[in-house]
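Below: one structure, written as structure tokens.
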Amino acid sequence: MSTTKTIHLKHRPNGMPVLTDFDFTTSEIPELLQGELLLSTKFVSVDPYLRGRMIDTPSYTPPFKLNEPIVSGLIAEVVESNSNGLSKGDFVSGMLAWKETQVAKADGLMKVDPDRAPLSAYLGVLGMTGLTAFLGLTEIGKPKKGETLVVSGAAGAVGSVVGQIGKILGLHVVGIAGTDEKVEMLKSDFGFDEGINYKSTENMTKAIAKACPDGVDVYFDNVGGEISDAVLFNINKFSRTVNCGAISVYNNKETPKSVSVHPFLIRKSSSMQGFVIIDFADKHYEGMIQLATWLMEGKIKNTETIREGFEQIPQAFLDLFEGKNKGKMIVKV
Ligand SMILES: NC(=O)c1ccc[n+]([C@@H]2O[C@H](COP(=O)([O-])OP(=O)(O)OC[C@H]3O[C@@H](n4cnc5c(N)ncnc54)[C@H](OP(=O)(O)O)[C@@H]3O)[C@@H](O)[C@H]2O)c1
């Protein structure tokens, strides 16, 4: 029986994850059964939410087991098929193991077309992060033309798409990111109206007030923590906060102290709603069609940071917490 390179979770991270939390090993490739595919990994998505699956706490997805492969969004090529719907040479997208080669059931995988979009785009703007941006903003943020949208984590996979959709919908868009280069990219590449570097800004509350002269109507929150506290001081009557992510606290060892949101929400009749993208599963297909249309029309840019090589997967994941990506972080295998 042949074997393949595989990455296991070795330790549950304590605080910031480190390379030694991962184990490079080999695993056996079993024989193909009916309905199964032999797949060769081409692109791997690394995502901040995977951090949540590395701890032993039940969530909307079960925790990863120790000494078993990590699973994330992958694009793979069909090398051999025992399934009617897919043939050798087809490409599929799905939740698959961090293995160079693997056998998987065809059910649950989606065929993707490399002639319609670059394969990696199906992990970003046309995949989970693009859908999160589109459905989180439109279904929860409910933006109206002329309103002000603030996006944190604005230069990342979700945030960069949120801001660009905000411009398509006619909003005043303000992005918050961690370097001057990223802030410049938000404005010059993605058309944001204003950008704030949270690492070099002393008073975020004032900076947000300056960038949002009419206050904040929609806050798309990817980071939580102190940045989001500062936004609260600037929210408008009937504003909406989309609680998408809280990367600034994912590695905390203790529960963070934060401003109490309740008086702000009461005073401003404001709402806050968390979500996970699977909540909108019935809208994924129409969302993908809309995103693909905007991409083809050139209204949305697909920005990626691509790392090369299977061995780079854990480091690429760690680098998300250091802000080393612009747009979607992807590993090309
Ligand atoms: N609810 C859902 O269904 C759903 C789905 C997908 C993603 N998410 C969440 O959405 C957020 C963005 O995900 P993504 O895939 O698009 O990742 P991403 O934004 O592409 O990458 C993470 C970015 O977060 C920023 N960051 C890291 N540490 C930070 C800190 N301490 N404070 C502030 N910013 C920090 C970094 O940018 P800077 O250089 O700007 O710091 C980094 O580039 C994550 O919180 C993720 O968990 C939620």
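When only residues in segment 233-242 that are within 16 Å of the ligand (Cβ to nearest atom) and in contact with a helix residue (DSSP H, G or I) (Cβ under 6 Å, 6 or more places away or on another chain) count, which is least open to solvent (accessible area, probe 1.4 Å)? Ranking the qualifying residues of segment 233-242, first place goes to Val242. Within segment 156-183, restricting attention to residues that are open to solvent by 20 Å² or more (accessible area, probe 1.4 Å) and outside any helix (DSSP H, G or I), which residue is farthest from the ligand (Cβ to nearest atom)? Applying the filter and picking the extreme gives Gly170.
Can you tell me which of Asn251, Asn325 is over 20 Å from Phe190 (Cβ atoms), part of a loop (DSSP other than H, G, I, E, B) and within 16 Å of the ligand (Cβ to nearest atom)? Break it down stepwise before answering.
Numbers: Asn325 fails: over 20 Å from Phe190 (Cβ atoms).
Going through Asn251, Asn325 in turn, just one is over 20 Å from Phe190 (Cβ atoms), part of a loop (DSSP other than H, G, I, E, B) and within 16 Å of the ligand (Cβ to nearest atom): Asn251.
Only one entry of Tyr122, Tyr60 meets the criterion of being within 23 Å of the chain's Cα centre (by Cα), buried (at least 21 other Cβ atoms within 10 Å of the Cβ) and not in a strand (DSSP E or B), and that entry is Tyr122.
For segment 78-102, the candidate set comprises residues that are in a loop (DSSP other than H, G, I, E, B) and touching a Lys or Arg at 6+ places or on another chain (Cβ under 7 Å); within that set, the residue that is surrounded by the fewest Cβ atoms within 10 Å (Cβ to Cβ) is Leu86. Pairs are defined by a Cβ separation below 7 Å, a sequence spacing of at least 6 or placement on different chains, a first member in segment 142-155 that is open to solvent by less than 10 Å² (accessible area, probe 1.4 Å), and a second member that is in a loop (DSSP other than H, G, I, E, B) and near the ligand (Cβ under 7 Å from one of its atoms); the pairs so defined are Ser152/Asn222; Ser152/Val223. The listed residues are Ile313, Ile300, and the only one of them that is of a type in the set (Val, Ile, Thr), in a loop (DSSP other than H, G, I, E, B), away from the ligand (no atom under 13 Å from the Cβ) and at pLDDT 95 or above turns out to be Ile300.
The residue list Lys199, Lys253 contains one member that is more than 30 Å from Pro62 (Cα to Cα), surrounded by fewer than 18 Cβ atoms within 10 Å (Cβ to Cβ) and in contact with a Gly (Cβ under 8 Å, 6 or more places away or on another chain), which is Lys199. Taking the criterion of being in a strand (DSSP E or B), charged (D, E, K, R) and either modelled with pLDDT under 95 or surrounded by 14 or more Cβ atoms within 10 Å (Cβ to Cβ) (or both), would at least one residue in segment 256-264 satisfy it? Checked segment 256-264: no residue is in a strand (DSSP E or B), charged (D, E, K, R) and either modelled with pLDDT under 95 or surrounded by 14 or more Cβ atoms within 10 Å (Cβ to Cβ) (or both).
The values are calculated or read from the model by the stated rules, or taken from the named source; none is laboratory data. Model, not experiment: these values are computed from the prediction. Here the Cβ is made from the backbone with ideal geometry for all residues, glycine too, and neighbour counts use every protein chain on show. The protein model used for the area step is the full one, side chains on, heavy atoms only, and it has no ligands, DNA or RNA in it. Shrake-Rupley method; radii C 1.70, N 1.55, O 1.52, S 1.80 Å.
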